[in-house]
Amino acid sequence: MSSGEPVATAAPAFRRGVLDHALHLRWGLVLLALLVVFPIAAQALDESFYISLASRILIFALAATSLNLILGFGGLVSFGHAAFLGIGGYAVGILMQSGIASAWISWPAAVMAAAAFSFVIGAISLRTRGVYFIMITLAFAQMLYYVMISLRDYGGEDGLSLPARSTVGAGIDLGDDTTFYYVVLGLFVVVFVAIQRLLNARFGQVLQAARENETRMAAIGFPVYRYRLAAFTLAGALAGLAGALAANQSGIVSPALMHWSQSGQLMVMVILGGVGHLYGGFVGALVLLLLEEIAVGYTIHWQFGVGAVLLLVVLVAPQGVVGLLRRRSRS
């Protein structure tokens, strides 16, 4: 080789940063394939009931993933996230009561309504820290809860029944559980991939860095408040979409969907699945709702059994089920 000829050097190996979150395509595609064929298998085994259960799991996985965006990746412990779930549900119910059943209108309206409320609540709540932030988000959620109880025109405490599911046209009948399941699955996949891309973008990196050291991020010039408000608003909007789907799935929307206990359930899903893990919301919703479904079949005191299992999981896997699986795969 002549002295003037450039020397080839090996390209440095790509190292994923601690703030990056991979889709793990191999396992992700396997999981997606299983979810796609699930209704076919359920119908073949004459167990169509489980299609509705799977739809419910995906809906709450969407809600838990939206909470994980601000709780796990933003470090914001919100105890009022279910308020946005209820707002989305009521938006669909109220519009349907007014004669508007099109999903192309009511579902975006649910998202926008939840986004508007989450923006206002976030703009106020994010000026506080720690336990004060927890309490003020809880206070706003309970205020909305009691407001909906007082509105007798919309069912009050009994809730608002939907005469049918939303319509999308093009020959797609959401009244069919299998069709509705695939629509929910498609929306969940789109939102999930979008959140993964967002977390790996500049926005997600800043949000996670602010979780680790807010003071340092502000000192180097990042508007932490704006990033957190944007994340809080986005999380509320996605919860509103989950609420719209939940109302369609159950055929009713009630103030119970906005209660603090529902926010607690969403938080349990995130903690159980893995706070700050991309798949944490999905895994947490899957495990918790399956535990409930199994325990209900054995005893009326099913909450005690579910609580015991959750306590065991927290003790054995403090980073959640996803954290435990990742730790075992590395060992």
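The values are calculated or read from the model by the stated rules, or taken from the named source; none is laboratory data. Small disclaimer: the values here were computed from a predicted structure and weren't measured. Cβ placement follows ideal geometry from the backbone for every residue including glycine, while neighbour counts extend to all protein chains displayed. Protein only, heavy atoms only, side chains kept; ligands, DNA and RNA dropped before computing areas. Shrake-Rupley method; radii C 1.70, N 1.55, O 1.52, S 1.80 Å.
Multiplying the residue separation of R216 and Q43 by 0.36 nm and subtracting their alpha-carbon distance yields 56.8 nm. Note on F119: accessible area is roughly 100 Å² with a 1.4 Å probe, heavy atoms of protein only. For the range 25-46 versus the range 132-209, the spacing of their alpha-carbon centroids is 24 Å.
Note on A139 and V314: the model spin-label points, each 7 Å out from Cα along the C-beta direction, lie 2.6 nm apart. In the chain, helical runs assigned H by DSSP with n ≥ 4 each contribute -39500 (n - 2.57); averaged across all residues and rounded to the nearest 500, the mean residue ellipticity at 222 nm is -23000 deg cm²/dmol.
Selection among L312, G204, Y225 by position relative to the dipole of the range 171-322 gives Y225 as farthest towards the positive end (Cβ unit charges, Cα centre). Here the chain is scanned for trypsin sites (Lys or Arg not before Pro) in DSSP loops (not H, G, I, E, B) that have at most 13 other Cβ atoms within 10 Å, and the longest stretch holding none of them is 130-331. Probing with 1.4 Å while keeping every protein chain in the model, the per residue accessible area of the chain equals 51 Å².
Treating each Cα of the range 173-328 as one equal point scatterer and applying the Debye formula with no solvent, the log10 of I(q)/I(0) at q = 0.13, 0.16, 0.18 Å⁻¹ comes out as -0.79, -1.13, -1.32. The Kirkwood radius of the chain, taken over pairs of alpha-carbon atoms, gives through the Stokes-Einstein law at 25 °C and 0.890 mPa s a diffusion coefficient of 117 µm² s⁻¹. Mean sequence separation of contacting Cα pairs (under 8 Å, at least six apart), scaled by the length of the range 55-170, corresponds to a relative contact order of 31 percent.
Pairs of Cα atoms in the range 69-119 fall into 5 Å distance bins, from 0 up to the last occupied one, in shares of 5, 21, 24, 19, 13, 8, 6, 3, 0 percent. Computed over the range 94-161, the percent of Cα pairs more than 15 Å apart is 65. Here the label points at L151 and F203, each 7 Å from Cα along the C-beta direction, are separated by 2.8 nm in the simple model.
Judged by the gyration tensor of its Cα atoms, with axes a ≥ b ≥ c, the range 18-129 is oblate; a/c meets the 1.5 cut and b/c is at least as large as a/b. The apolar share of the surface of the chain, taken as the fraction of accessible area on carbon and sulfur atoms (1.4 Å probe, ligands and nucleic acids excluded), comes to 67 percent.
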